[in-house]
Amino acid sequence: ACQLALWLPLALIQPGWQRLWVLPVLGLIVVAFSATAAVATGVILLAYLWRVSPKVSLLSGLTLGLAGAGWGLTHPIWLNPHGRWETWVAWWEVLKQQPIFGGGLGFLKYVTAQLPATDPLKMWKHLHNEYYQLWVETGLIGVGFLGWLGWQCWQRRHQGQPSDLRWACATTLLGFGLISTLNFPAHLWQLGAYGCVALAGWLVTTQERMA
């Protein structure tokens with residue numbers, strides 16, 4: 001479902017009837033019943049609507065946000081699917097031991113491989129939060145590098161010429177970032193490829209025009 005959500009921006013910029021591929025994609029995302037994919041899809045559709053009418057997009061986003069907050073309050077289990085919160089709390093105790101340098105790439109998998117199945121740290125080989133796992137494995141140094149990369153991307157937003165491809169790359173990156181908060185797309189080659197291609201596309205389409 002998350003892969004389909006990341007493919008959605010490319011479908012939305014297709015010409016003519018080819019854009020109708022969006023409909024079966026949305027149907028599959030709904031059937032998959034993935035909360036993370038649903039949120040990413042909603043944000044991508046709002047970004048597309050923003051190009052047509054910012055006011056309608058803002059109103060729709062506010063409505064969906066309030067509806068989502070209401071759903072979360074009445075269905076608290078959805079705020080902690082599959083015990084994410086318990087695992088994050090357990091790993092926080094590990095992180096506090098080396099927050100600056102982290103444990104090194106692959107540290108999380110190395111630790112979990114040596115633990116019994118009942119240990120709260122053993123629940124996954126990934127933390128289902130790429131930012132948190134980056135901090136655990138590479139420390140504040142890695143987090144700082146990611147922040148620098150994000151800042152570089154943000155600074156280029158007024159460079160280059162607006163285009164459908166540029167919008168699709170930016171929106172795919174946005175969706176990738178959202179999915180990274182509750183899943184591990186950077187550790188899956190299919191989803192990771194979307195992130196890499198979107199990043200490369202953004203960097204290319206936001207280059208300064210040569211005189």
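Brief remarks on what is shown
- About the centre of its Cα atoms, the chain shows a dipole size close to 420 debye [charges on the beta carbon of Lys, Arg (+1) and Asp, Glu (-1) only; nearest 20 debye].
- Alpha-carbon centroid distance for the pair region 152-210 / region 1-38, whole angstrom: 17 Å
- With coordinates expressed along the principal axes, the C-alpha atoms belonging to region 156-211 extend over 42, 17, 16 Å, beginning with the largest.
- For the chain, adding -39500 (n - 2.57) for each run of n ≥ 4 DSSP H residues and dividing by the number of residues yields -21500 deg cm²/dmol at 222 nm.
- Of the accessible area of region 1-154, computed with a 1.4 Å probe over protein heavy atoms only, carbon and sulfur atoms account for 75 percent.
- In the context of the full set of protein chains, the chain has a per residue accessible area of 61 Å² (1.4 Å probe).
- Stokes-Einstein translational diffusion, the chain - Kirkwood Rh over all Cα pairs, 1.306 mPa s, 10 °C, in µm²/s: 84 µm²/s
- Taking the Cα centre of region 74-198 as reference, the dipole from Cβ charges on Lys and Arg (+1) and Asp and Glu (-1) amounts to some 200 debye.
- Between the residues 139, 52, 106, the greatest Cα displacement towards the positive end of the dipole of the chain, with unit charges on the Cβ of Lys, Arg, Asp and Glu, is found for 52.
- In terms of packing, defined here as the mean over residues of other Cβ atoms within 10 angstrom, the peptides 167-176, 82-91, 57-66, 40-49 line up highest first as 167-176, 40-49, 82-91, 57-66.
- Close Lys-Lys pairs in the chain, where close means Cα under 27 Å and separation is 8 or more or interchain: 5
The values are calculated or read from the model by the stated rules, or taken from the named source; none is laboratory data. Predicted model, so just to flag it, every value in this text is computed and none were measured. Using ideal geometry, Cβ is built from the backbone for each residue, glycine included, and neighbour counts are taken over all protein chains shown. The area values use the complete protein model at the heavy-atom level, side chains included, leaving out ligands, DNA and RNA. Shrake-Rupley method; radii C 1.70, N 1.55, O 1.52, S 1.80 Å.
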